[in-house]
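The values are calculated or read from the model by the stated rules, or taken from the named source; none is laboratory data. A quick note: this is a predicted structure, and the numbers were derived from the prediction, not measured. Note that each Cβ is placed from the backbone with ideal geometry, even for glycine, and that neighbours are counted across all protein chains shown.
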Amino acid sequence: MNLKRELSFFDLTNIIIGSIVGADIYIVSSVTAGLVGPFAIFVWVIAGLFAIVLALVFAYSSYYVPKVGGPFAFVSKAFDNFYGFLTGWSMWIAEMMALPVFAIAFVQYLHYFIQLDFWQEVMIKGLFLFGLTSVNIISVKVAGKLNDVLTIVKLAPLVLLIISGVIFFVIHPEVIQENYVPLIPLGLDNFGTALVLIFWAYVGFEMGTLPASEVKDPRKTIPKAIITGILVVIAFYLVTNFVLFGVSNWTDLAKTQTPLVLASTITLGSVGAIIIGIGALVSVSGSNESGTIGVSRLSYAMSIKGLFPKIFSKTHTKYKTPYMALIIQGVIAFSLSIYGGITNLISFSVFNLAFAFLLVCLSLVVLKKESEHKLHGQNILPWIGVGICIYLLYSTSSLDKIVGSIVILAGIPLYIFFSPKVDIHHLKESFLSEEAIFARRLESHEKFLANFVKLCHRLYKKTKRKQ
């Protein structure tokens with residue numbers, strides 16, 4: 001059973017935009033307003049530049065390795081399956097931490113319309129995650145088309161807020177100065193923390209590389225979709241936040257859980273607040289739907305490689321989708337949505353993502369070919385990406401560093417257990433060529449600890465060659 005190649009450039013671009021523009025823009029602005037005040041608008045710019053660099057690294061990596069699994073496939077190709085596993089493992093943990101954030105944010109904005117008690121919130125979160133899981137099981141094409149619709153619908157309210165904000169500024173130009181002065185009322189002690197939270201708002205571009213085996217002409221489509229998607233998102237984020245901090249005082253933003261509703265109430269009144277509230281519910285749904293597609297394909301790719309339990313590679317006989325991976329991640333996300341807090345989940349997610357992105361940047365150093373002149377900046381971008389990832393890791397909390405390191409290291413026993421490169425026989429003919437199986441068995445004697453020396457040697461040779 002082969003996964004169907006049904007995702008077009010438009011589908012994939014919208015998956016990327018849908019993965020990025022979700023709960024983030026609807027909740028992160030209020031949190032960061034309480035950390036750095038109006039200066040948050042510049043943090044959005046810096047985080048956007050970080051995202052562009054890493055998005056280009058992912059785009060170039062997907063050009064060289066257009067395979068299902070994204071980062072896992074990149075690092076495995078550049079080094080070996082152990083480092084690929086650590087990348088996939090940390091990214092899987094990060095995305096699993098992020099999925100419940102959308103369910104929590106959905107309930108927060110739903111509170112604007114109706115009051116819910118604890119058990120009603122639990123029920124809504126369950127229905128929210130169960131519904132999106134079911135859509136993804138039925139068909140990746142249905143999921144892709146649903147995401148197209150959700151992406152278009154959810155961007156409309158943001159456009160409305162932007163237009164209304166610009167009109168508001170024309171009528172009340174003095175309000176911008178009042179709300180942006182002083183620019184840094186709280187100092188920059190919390191700059192790193194704010195950057196981590198805002199960077200998470202840009203995360204999602206990597207999702208475009210995960211369903212590569214279901215994309216039409218992935219070598220061309222994936223890089224183009226990633227760059228297009230991230231540029232669209234950056235434009236929307238910057239303009240939206242400029243309006244948000246321009247019409248609302250940062251102290252009011254810091255107190256609310258629904259910052260865009262607050263701003264739309266000022267510019268459009270109660271009717272506008274309702275429209276934005278509905279847009280938030282749709283937007284959060286679209287982002288979770290995109291994330292659900294990507295995470296299931298990541299665990300699926302690791303499973304067919306023999307690095308994850310077999311159950312994650314089970315595909316539905318009728319729909320040909322990794323239904324067990326979807327069900328398992330849905331159950332985990334539901335549990336975390338009940339007991340987890342948004343800020344803690346986001347910060348922990350960024351720690352794991354930064355670790356995975358760090359390995360992807362290093363892998364591009366090995367994968368790149370000097371003959372590919374059209375990939376501009378491929379020599380310097382991965383090293384800039386390394387610096388960005390190290391800074392993000394440094395800027396997370398001490399608890400994130402400790403627990404995150406433990407969780408990543410906990411993946412090593414899991415790798416050792418599944419590491420004997422045994423084939424999943426019923427999938428071998430479909431997913432692995434005889435040549436690949438043969439090559440993998442020849443390399444099976446290499447132990448993952450010894451490969452650390454080989455990794456350093458490869459990077460040294462690549463660096464020395466440039467001198």
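Looking at segment 363-387 only, could you name the residues that are part of a helix (DSSP H, G or I) and touching a residue at least 12 places away in the same chain (Cβ under 8 Å)? Step through it out loud before you land on a result.
Initially, segment 363-387 is screened for residues part of a helix (DSSP H, G or I), giving 363-367, 381-387.
Selection gives Ser363, Leu364, Val365, Val366, Leu367, Leu381, Pro382, Trp383, Ile384, Gly385, Val386.
Determine whether Ala40 is in contact with a Ser or Thr (Cβ under 6 Å, 6 or more places away or on another chain) and modelled with pLDDT of 90 or more.
Considered against the rule, which asks whether it is in contact with a Ser or Thr (Cβ under 6 Å, 6 or more places away or on another chain) and modelled with pLDDT of 90 or more, Ala40 comes out as yes.
Any idea which of Phe79, Phe130 is over 19 Å from the mean Cα position of the chain (by Cα), at pLDDT 80 or above and within 23 Å of Ile332 (Cβ to Cβ)? Before you say what the answer is, go through the steps one by one.
Details: Phe79 fails: within 23 Å of Ile332 (Cβ to Cβ).
Sole residue among the options that is over 19 Å from the mean Cα position of the chain (by Cα), at pLDDT 80 or above and within 23 Å of Ile332 (Cβ to Cβ): Phe130.
Looking at the structure I just gave you, is Ile234 modelled with pLDDT of 90 or more and over 14 Å from the mean Cα position of the chain (by Cα)? Step through it out loud before you land on a result.
Numbers: modelled with pLDDT of 90 or more: no; over 14 Å from the mean Cα position of the chain (by Cα): yes.
So Ile234 fails the test.
Would you be able to say whether some residue in segment 257-274 is at pLDDT below 75 and more than 20 Å from Val28 (Cβ to Cβ)?
No, segment 257-274 contains no residue that is at pLDDT below 75 and more than 20 Å from Val28 (Cβ to Cβ).
Please verify whether segment 284-291 includes one or more residues that are within 23 Å of Ile162 (Cα to Cα), of a type outside the set (Asp, Glu), crowded, with 24+ Cβ neighbours inside 10 Å and at pLDDT 85 or above.
Checked against the condition, which is being within 23 Å of Ile162 (Cα to Cα), of a type outside the set (Asp, Glu), crowded, with 24+ Cβ neighbours inside 10 Å and at pLDDT 85 or above, segment 284-291 yields no hits at all.
Being under 16 Å from Leu244 (Cα atoms), at pLDDT below 90 and assigned to a helix (DSSP H, G or I), is that true of even one residue in segment 192-204?
Scanning segment 192-204, I find at least one residue that is under 16 Å from Leu244 (Cα atoms), at pLDDT below 90 and assigned to a helix (DSSP H, G or I), so the answer is yes.
Given the conditions (1) part of a helix (DSSP H, G or I); (2) modelled with pLDDT of 90 or more, and given that Pro185 satisfies all but one, which numbered condition is not satisfied?
(1)
Residue by residue, here is whether (1) of a type in the set (Gly, Ala, Ser); (2) at pLDDT 80 or above holds:
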site	(1), (2)
Ser313	yes, no
Gly340	yes, no
Ala354	yes, yes
Leu359	no, yes
Glu372	no, no
Gly377	yes, yes
Ile388	no, yes
Leu414	no, no
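Specify the residue that is surrounded by the fewest Cβ atoms within 10 Å (Cβ to Cβ); the eligible residues are those in segment 388-416 that are assigned to a helix (DSSP H, G or I) and of a type in the set (S, T, N, Q).
So the residue we want is Ser398.
Looking at (1) surrounded by fewer than 16 Cβ atoms within 10 Å (Cβ to Cβ); (2) touching a Ser or Thr at 6+ places or on another chain (Cβ under 8 Å), find the lone condition where Ser363 falls short.
Result: Ser363 passes all but (1).
Output the residues belonging to segment 306-352 that are over 30 Å from Leu392 (Cβ atoms) and either of a type in the set (Phe, Trp, Tyr) or in a helix (DSSP H, G or I) (or both).
Lys310, Ile311, Ser313, Tyr319, Tyr323, Met324, Ile327
In segment 244-261, what residues are under 18 Å from Val36 (Cβ atoms) and not basic (Lys, Arg)?
Start the filter on segment 244-261 by keeping residues that are under 18 Å from Val36 (Cβ atoms), which leaves 244-246, 248-256, 259.
Answer for segment 244-261, where residues must be under 18 Å from Val36 (Cβ atoms) and not basic (Lys, Arg): Leu244, Phe245, Gly246, Ser248, Asn249, Trp250, Thr251, Asp252, Leu253, Ala254, Thr256, Pro259.
Given Ala73, Ala33, Ala59, which one is modelled with pLDDT under 85, of a type outside the set (D, E, K, R), in a helix (DSSP H, G or I) and over 16 Å from the mean Cα position of the chain (by Cα)?
Selected residue: Ala73, the only one of Ala73, Ala33, Ala59 that is modelled with pLDDT under 85, of a type outside the set (D, E, K, R), in a helix (DSSP H, G or I) and over 16 Å from the mean Cα position of the chain (by Cα).
Would you say Thr228 is within 17 Å of Ala59 (Cβ to Cβ) and either part of a helix (DSSP H, G or I) or among the hydrophobic types (A, V, I, L, M, F, W, C) (or both)? Talk me through it step by step, then tell me what you get.
Numbers: within 17 Å of Ala59 (Cβ to Cβ): yes; either part of a helix (DSSP H, G or I) or among the hydrophobic types (A, V, I, L, M, F, W, C) (or both): yes.
Taking the combined requirement at face value, the residue satisfies it.
Tell me which residues, restricted to segment 331-352, are touching a Leu at 6+ places or on another chain (Cβ under 8 Å) and crowded, with 23+ Cβ neighbours inside 10 Å.
Within segment 331-352, Ala333, Ser337, Ile346, Val350, Phe351 meet the criteria.
Inspect all residues belonging to segment 96-111 and state whether any of them is surrounded by fewer than 20 Cβ atoms within 10 Å (Cβ to Cβ), under 18 Å from Ser283 (Cα atoms) and hydroxyl-bearing (Ser, Thr, Tyr).
no
In segment 97-112, is there at least one residue being over 30 Å from Leu12 (Cβ atoms), modelled with pLDDT of 85 or more and either not in a helix (DSSP H, G or I) or not aliphatic (A, V, I, L, M) (or both)?
Keep residues of segment 97-112 that are over 30 Å from Leu12 (Cβ atoms), which gives 111-112.
With the extra rule that they be modelled with pLDDT of 85 or more, the set shrinks to none.
The answer is no; no qualifying residue exists.
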